[in-house]
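The values are calculated or read from the model by the stated rules, or taken from the named source; none is laboratory data. Keep in mind it's a predicted model, so treat the numbers as computed, not measured. Ideal geometry is used to build each Cβ from the backbone, glycine not excepted, and the neighbour counts take in all protein chains shown. These area figures cover heavy atoms from the full protein model, side chains too; ligands, DNA and RNA do not enter into them. Shrake-Rupley method; radii C 1.70, N 1.55, O 1.52, S 1.80 Å.
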Amino acid sequence: MLDLIRKDMILQKKTLPFMLLFLFIYLFVNVSTSWVAIVFCIVIIMNAFETDETSSANLLLNSLPYTRKEIVSSKYIGALFFIFLTLLPIFIGNWMIHGEIMHWKVLLFITSIVMGFISFAFPFSYLFKSKYLLIGSGAVFVIYMVTLRFIPDLNDRVREVVQTVLSLDNSLFYFTIILSVALLYVLSWILSIRIYSRKVF
Amino acid sequence: MESVIELQHVYKAFKGFELKDLSISVKKGFVTGFIGGNGAGKSTTIKLIMNLLQPDSGTISIFGMDLKKNEKEIKQRIGFVFDSNIFYENITLTEMKEIIKPAYRKWDDSLFDQYVDMFELPLKKNLKTFSKGMKMKASLTIALSHHAELIIMDEPTSGLDPIFRSELLDILRNLIQNGERTIFFSTHITTDLDRIADYITFIHNGQHIFTKEYYKIEEEFAIVKGGPNLLDRDTEQEFIGIRKTNHGFRALTANKQRIENIFGDTVIIEKPTLEDIMLYTKKGEERDARSYS
C-alpha cells in the first residue's frame, strides 16, 4: 500500500517543486498562513486524486495485485502524508522568514479543515467525479438556503453550538475537535471503500 | 488436463447486453485464442477474469483458487496487456517501471532490460510521445517482466503493423516452450491464430459457442458449396449458416462427415477459416431469429 503512495509522489514529482516555490512566494507576501496552507493541501491532494480518476488508471491499478480496499486506503493515508508534506515547509518557511514558530493550535486547525474537506470530497468524487465537486457544493448551498426558509434561525443555532463547543474547557474542546474530525475521516474512508468496491471499469 | 482459468455458469448483465451462462476453461501450458465479433463479450469476459467486473452469478477460479478470495495472490501470477494504453502519460518508462515494480514479488529487472533492448524502447521519453506500437511493446515488456504464469491479453495485435505482429507472435510462442506458461488472448484478427493458437474459444452474443483444439476445427467444420436445388427445408437444417446466391449456396457445417454422407459428390467441401466460422454463425442466428418471428 505504501507503494501506492510512493506512486502518487512519483506522479507529482514535477508539480511539487513548483508548488513549493509558490508556497514561499505566498509566505513572503504575508497572506494568512492558515489560508495558504489549507488551499495548498487541498490542491495537492485533489490533484493526486484526479490523476487516478481516468478509466485507464483504474484499469491499471485494479489489474495489479492490489485490492480495491488498498487502493482507496492509499488515498486516505496519502492525504495525511501530503498534509504533513505541505505543513513542514510552511512551518520551516514561517520560522525562517518571519522568525516565528507556528502554534500547534494553528496546525491543528489547518489539519482539521483539510481532513474535514477530504471526508466529503473523496466519497463524493468516488461516487461521481471530482470535476462535479463545484456543482456539488453549489447544490449544497441551495439546500442550505432552502433549509434556511424552514428554519429561519439556523445560523443562530449553528453559532450557538459553536459557542458551546468553544466555551468548553480548553483541553476538552481540542479533544472533541480531534475526535470528531478523526471519526468523520474514518467514516468517510469506510464509505469510500464501499463505493469503490462496487465500481465497474 | 489442468485448467488455469475456469469460468462456471457466469452471468453478467448490462443495459442491452448480457453474458449468458458462460462456462469456459483455459488449459495450462497452451495458447488459447479468444474470438468473437465486436460486442460479443470478449472484453467483458477478460475484465471478469481480471476482477475488474464482478459476475452477477457463477464462479471464476484461476490457478485453482477462487478469484474473489485470492485476488492478490492470483494477480501476482498474471501478466496483462489491454488494447488501450493504461499507463500514465506524463512519465517515462523508467518511472512507470518504478511504479509497477514494487507491486510484484517476482519482478526481474534484467528481464525488463532485456525486453526494452529487444523492442528498442526509449527509457527517458514521456510515454505520451510513444506510438501505438511502442505503447503496446511497453505494455508487453511490463507484462513479461515478473515471470507471470498466465498472460492475458485483450486485442494485443489490433493497430499493429504486420511486421511487429509477426514478431509478437514469435515472442509469445517462445514464452510457452516450457509448458508452464499459459496465454489467453482475444483478437479479431483471426489469421494471427493460425500460427500460434492451440485452442480456440469462440463466443457470440455473450454465449460460449465452443472451445476446441485448433486442428479439430478443421476436421469437424467445413465450408460446403453446391447448387441451389440441393437446398430445401430439411437440408438447410444441416448447416450452421447459409449464404445463397443466384448460382448456388455456400454454407458452414459443424459435422463434415455427415454432410459427406448426405450430399456425396454433389457438393464441394472446403476447409473453413475462423472468419468463416464467425461469419456463418452470425448468419445462422439471423436466420433462426427470422424463422421464430
>> What FRET efficiency comes out for A:THR15 versus B:GLN114 if R0 is 41 angstrom and r is the Cβ-Cβ distance? Round to the nearest 0.05.
In response: 0.80
> How long is the gain from A:ILE178 to A:ILE97 if the chain were fully straight, where each residue apart is worth 0.36 nm and the alpha carbon distance is subtracted?
Replying inline: 26.2 nm
> For segment B:150-183, which trypsin sites (Lys or Arg not before Pro) are in a loop by DSSP, counting at most 14 other Cβ atoms within 10 Å?
Replying inline: none
> In square angstrom, what is the accessible area per residue of chain B with a 1.4 angstrom probe?
Replying inline: 47 Å²
> Of all accessible surface on the protein assembly as shown at a 1.4 Å probe, what whole percent is carbon and sulfur?
Replying inline: 59 percent
> Cross-link partners among aspartates and glutamates for B:LYS72, C-alpha distance below 15 Å, same-chain residues fewer than 8 apart left out?
Replying inline: A:ASP3, A:GLU70, B:GLU149
>> Please give the Cα centre distance for segment B:196-211 versus segment A:1-53, rounded to the nearest Å.
In response: 49 Å
>> Are there any residues in segment A:59-73 with a reduction of at least 10 Å² in accessible surface when going from the isolated chain to the assembly of protein chains? Probe 1.4 Å, please list them by number.
In response: A:LEU59, A:LEU60, A:ASN62, A:SER63, A:LEU64, A:PRO65, A:TYR66, A:THR67, A:ARG68, A:GLU70
> For the pair B:GLN207 and B:ASN229, what calculated FRET efficiency results from E = 1/(1 + (r/R0)^6), where r is the Cβ-Cβ distance and R0 = 41 Å, to the nearest 0.05?
Replying inline: 0.75
> What length, rounded to one decimal in nm, is gained on full extension from A:GLU160 through to A:ILE25, with 0.36 nm per residue of separation minus their alpha-carbon distance?
Replying inline: 44.8 nm
> When the accessible area of each residue in segment A:1-29 is compared between its chain alone and the complete protein assembly (1.4 Å probe; ligands, DNA and RNA ignored), which residues differ by at least 30 Å², being lower in the assembly?
Replying inline: A:ASP3, A:ARG6, A:LYS7, A:ILE10, A:LEU11, A:LYS14
> Given chain B, what percent of its DSSP beta bridges are antiparallel, to the nearest 5?
Replying inline: 65 percent
> Where does the Debye-calculated log10 I(q)/I(0) of the protein assembly as shown sit at q = 0.06, 0.07, 0.09 Å⁻¹, using only Cα point scatterers of equal weight, no solvent?
Replying inline: -0.41, -0.53, -0.78
> Taking both sides together, what accessible area is buried at the B/A interface, probe 1.4 Å, expressed in Å² and rounded to the nearest 100?
Replying inline: 2400 Å²
> How big is the convex hull of the Cα atoms of segment A:2-197, per residue, in Å³?
Replying inline: 145 Å³
>> As an exercise, use a Förster radius of 25 Å and the Cβ-Cβ distance of B:GLU167 and B:LYS101 to find the FRET efficiency, rounded to the nearest 0.05.
In response: 0.50
>> Over segment A:2-197, with the other protein chains present, what is the accessible area per residue in square angstrom, probe 1.4 angstrom?
In response: 57 Å²
> Can you give the helix-only mean residue ellipticity at 222 nm for chain B, where every DSSP H stretch with n ≥ 4 adds -39500 (n - 2.57) and the sum goes over all residues, rounded to the nearest 500 deg cm²/dmol?
Replying inline: -10000 deg cm²/dmol
> Quick one: how many Å² of A:VAL140 are accessible to a 1.4 Å probe, rounded to 10?
Replying inline: 100 Å²
